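The values are calculated or read from the model by the stated rules, or taken from the named source; none is laboratory data. In this text, all values refer to a predicted model and were calculated from it rather than measured experimentally. Counting neighbours? That spans all protein chains shown, and the Cβs are built from the backbone with ideal geometry, glycine included.
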Amino acid sequence: MTDDDWLRHNRANWDDRVRVHARSDFYDLPGFRGGACTLRGFELDELGDVSGKRLVHLQCHMGQDTLSWARRGAANVTGLDFSEAAIRTARGLADDLGLAERARFVAADVYDAAQALGGERFDVVYTGLGALCWLPDIPRWADVVAGLLNDGGVLYLAEFHPFTEVLGDDGKSVEVDYFDDQGTTWDEPETYTDGPPLAHTVSVQWQHPLGDVVTALARAGLRIEFLHEHATTLFQRYPVLERTGPAENPTFRFPHGHPRLPLMYSVRAAKW
C-alpha cells in the first residue's frame, strides 16, 4: 500500500467517524459545551500550569482536548488534524464556547504541520491518546515536534501503551509480536463509540514500541524529562479489567491479585 493509499483510506475513515462521534454519548458534545473537561487527571498534573502559554495539539480530532487546554488558561491553542470534518466540528465548538479568538483549528496532515502553521513555534506541543498508531514514521513525527517548539518548550505525549497490543482479547495470553513494525490494514464496520455503522470501514495502523518513540524524540534533539507508565486505561480494553475512579471520569485496571501491566504511558520532553 502506497503513502497515498493509506492516507486516503485513513482520512476517509476518520471523516466518516466524525459523523458518528459528534452525535455519540462517548464524546458527549452537549456535556462538553456545558463545561466538562476531557483531559485526564494525570495529564493535568504532569504537564502542569499552561497559563499564558501557546499550545499546539497535533491530531486533535474534534478539538475537545485542545479547547480544554484553553479553558485551563492557555493563551492560545491551535488544533491540527487531517480530517476536514473534524476541523469543522472543532471550529463550531470554539464558536459555541466563545473561544474562537484564542483557538485556531487547521486541517493538515501532521507531517505537514510546519508548513501548514506557517513556521510558527509553540511553548507546548501536546499529543493525546490514540494518535501515534496512525503514523507510519515516528522519527519523522519527532522531527516535526522538535521543529514546532520554541527553545525551552516541551512536548507532552500521553498514549496507550504498545504492550496492550501484544495481548489477546482475553487480556491474559501473549498473541502478537511486540516488534512488528508493519502496517496493519483493518476493515471494521463500526468505530469505537456508540452509534451507527461506518460507510468507510478500511484503515491502516502501525504499532510503535516504546523504545522507538523515546529514541526518536531524543534523536530529534529533545531531552526526556520523564517517562511514566500507568497501570490504568480509559476503557475496558479486556474483559478482566475492573472499573475504578469517579463515575464521571472512570479508569480501568487489572483486578487486585492480578499482575499489573502497563496500559498507558506519558512522556515529557524539552527542547533546549
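Hey, can you tell me all the residues within the stretch 19-47 that are part of a loop (DSSP other than H, G, I, E, B) and in contact with a Lys or Arg (Cβ under 9 Å, 6 or more places away or on another chain)?
GLY35, CYS37, LEU39
Specify which of the listed residues (HIS256, HIS228) is of a type outside the set (S, T, N, Q) and free of Cβ contacts under 8 Å to residues at least 40 places away in the same chain. First the steps, then the outcome.
Values: HIS228 fails: free of Cβ contacts under 8 Å to residues at least 40 places away in the same chain.
Matching residue, one of HIS256, HIS228: HIS256.
Residues in the stretch 157-189 that are of a type in the set (Asp, Glu) and without any contact (Cβ under 8 Å) to a residue 12 or more places away in the chain were compared, and the one that is farthest from HIS9 (Cα to Cα) is GLU175. For the structure I just gave you, tell me whether ASP16 is closer than 20 Å to PRO197 by Cβ and either part of a helix (DSSP H, G or I) or under 19 Å from the mean Cα position of the chain (by Cα) (or both). Criteria met by ASP16.
Here's the yes/no breakdown for (1) closer than 20 Å to ASP16 by Cβ; (2) under 19 Å from the mean Cα position of the chain (by Cα):
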| position | (1), (2) |
| --- | --- |
| TYR126 | no, yes |
| PRO136 | no, yes |
| VAL145 | no, yes |
| VAL154 | no, yes |
| THR164 | no, yes |
| ASP187 | yes, no |
| TYR192 | yes, yes |
| VAL204 | yes, yes |
| HIS208 | no, yes |
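Can you pull out the residues in the stretch 72-84 that are over 17 Å from the mean Cα position of the chain (by Cα), crowded, with 16+ Cβ neighbours inside 10 Å and not in a strand (DSSP E or B)? Passing the criteria: ARG72, ALA74. Each residue in the stretch 25-46 was checked for being in contact with a strand residue (DSSP E or B) (Cβ under 7 Å, 6 or more places away or on another chain) and of a type in the set (A, V, I, L, M), and 0 of them qualify. Per the listing LEU67, LEU99, LEU93, the residue uniquely in a loop (DSSP other than H, G, I, E, B), at pLDDT 95 or above and in contact with a helix residue (DSSP H, G or I) (Cβ under 9 Å, 6 or more places away or on another chain) is LEU99.
In the stretch 211-239, the qualifying residues are those that are polar (S, T, N, Q) and within 27 Å of ASP170 (Cα to Cα), and the one that is surrounded by the most Cβ atoms within 10 Å (Cβ to Cβ) is THR233. For the stretch 161-176, the criterion of a residue being in contact with a helix residue (DSSP H, G or I) (Cβ under 6 Å, 6 or more places away or on another chain), surrounded by 13 or more Cβ atoms within 10 Å (Cβ to Cβ) and of a type in the set (S, T, N, Q) is satisfied by no position.
Scanning the stretch 72-82 turns up no residue that is closer than 19 Å to CYS37 by Cβ, in contact (Cβ under 8 Å) with a residue 40 or more places away in the chain and out of contact with any strand residue (DSSP E or B) (no Cβ under 8 Å at 6 or more places or on another chain). Would you check if PRO250 is farther than 25 Å from VAL125 by Cα, surrounded by fewer than 13 Cβ atoms within 10 Å (Cβ to Cβ) and modelled with pLDDT under 95? No; evaluated as a whole, the condition is false for this residue. The residues of the stretch 115-145 that are farther than 27 Å from ARG71 by Cβ, among the aliphatic types (A, V, I, L, M) and outside any loop (DSSP other than H, G, I, E, B), listed by number, are ILE138, ALA142. Does ALA90 satisfy the condition of being within 21 Å of LEU234 (Cβ to Cβ) and free of Cβ contacts under 8 Å to residues at least 40 places away in the same chain? Taking the combined requirement at face value, the residue satisfies it.
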